[in-house]
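Here's the structure we're looking at; comments come further down.
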Amino acid sequence: MTQDEIRHPALTGAPWPVIGVRVRHEDRRPRAASWRPAPLAVPQDVLLPCAWPELEGLAKIAVGLSRARVYVRDLAEDEPDGRLVLCLRGALGAIQVQGPLTPVADVLAARTRAAMLRVAAVHREAGRPEEARAWRARARQLLKDGRAARRGRSVRAISAGLPTLGGRP
């Protein structure tokens, strides 16, 4: 299931996981985004993506396996209804979400897992059991990665292969 094959389920009215981001708009377009309060920014629920590459990237960021940045963009360029979706660097019209991710990392990991399980449900309902199993396995792996990160095996706890000062006891 890629974005080219299917439109985002939220466009059809299906329930989809969201996460709170503070967004500043200019001319109905997002101009700035932040995880924490920012001048002229208002809290907004931002959808998670439905494509595997973006969900995989968000999962790695959320559990600390990647230091990549998170971005937001309009859900659909041809339907400017104000809905935003999280994305990774390089997406057309993407705005970087500023601020530290640490306070929202656990929530992002949980919502990413929920999105993966929702994609699995969509495949199951469409009669594609193999794809559904693959997506459930991906969600299970995210759970395992999160547990491993809490034990100290993440880029947040390790710097260049060496333990950081003030590491976990």
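The values are calculated or read from the model by the stated rules, or taken from the named source; none is laboratory data. All of these numbers come straight from a predicted model, not from anything done at the bench. Note that each Cβ is placed from the backbone with ideal geometry, even for glycine, and that neighbours are counted across all protein chains shown. The accessibility values were calculated without ligands, DNA or RNA, using every heavy atom of the protein model including side chains. Shrake-Rupley method; radii C 1.70, N 1.55, O 1.52, S 1.80 Å.
Here are the numbers:
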| item | result |
| --- | --- |
| Simple label model, 7 Å out from Cα along Cβ direction - SER34 to LEU92, nm | 3.0 |
| Whole-number percent relative contact order across the stretch 62-125, with pairs defined as alpha carbons under 8 Å at least 6 apart | 32 |
| Using θ = phi - 60° and Karplus 6.51 cos²θ - 1.76 cosθ + 1.60, couplings along the stretch 18-23 (whole Hz; Gly, Pro as x) | 10, 9, x, 9, 8, 10 |
| Coarse-grained scattering of the stretch 44-132 at q = 0.13, 0.17 Å⁻¹, given as base-10 log I(q)/I(0) from a Debye sum over alpha-carbon atoms | -0.45, -0.75 |
| For ALA32, residues with placed amide H under 5 Å, excluding near neighbours | ARG24 |
| Contour excess over end-to-end distance, with Cα ends at GLU131 and ALA110 and 0.36 nm allotted per residue | 5.5 nm |
| In nm, spacing of pseudo-spin labels at ARG24 and ARG7 (7 Å Cα→C-beta vector) | 3.2 |
| Taking the C-alpha atoms of the stretch 55-104, convex hull volume expressed per residue in Å³ | 82 |
| Cβ-based charge dipole, the stretch 1-65, positive-most Cα from VAL21, VAL46, ALA10 | VAL21 |
| Protein accessible area in the stretch 15-95, 1.4 Å probe - carbon and sulfur % | 53 |
| Net charge over other residues, Cβ less than 10 angstrom from the Cβ of SER34 (K, R count +1; D, E count -1) | +3 |
| C-alpha center-to-center spacing [the stretch 115-151, the stretch 1-60] in angstrom | 20 |
| Dipole of the stretch 99-152, positive direction: furthest Cα of GLN141, ALA105, VAL122, with charges on the beta-carbon | GLN141 |
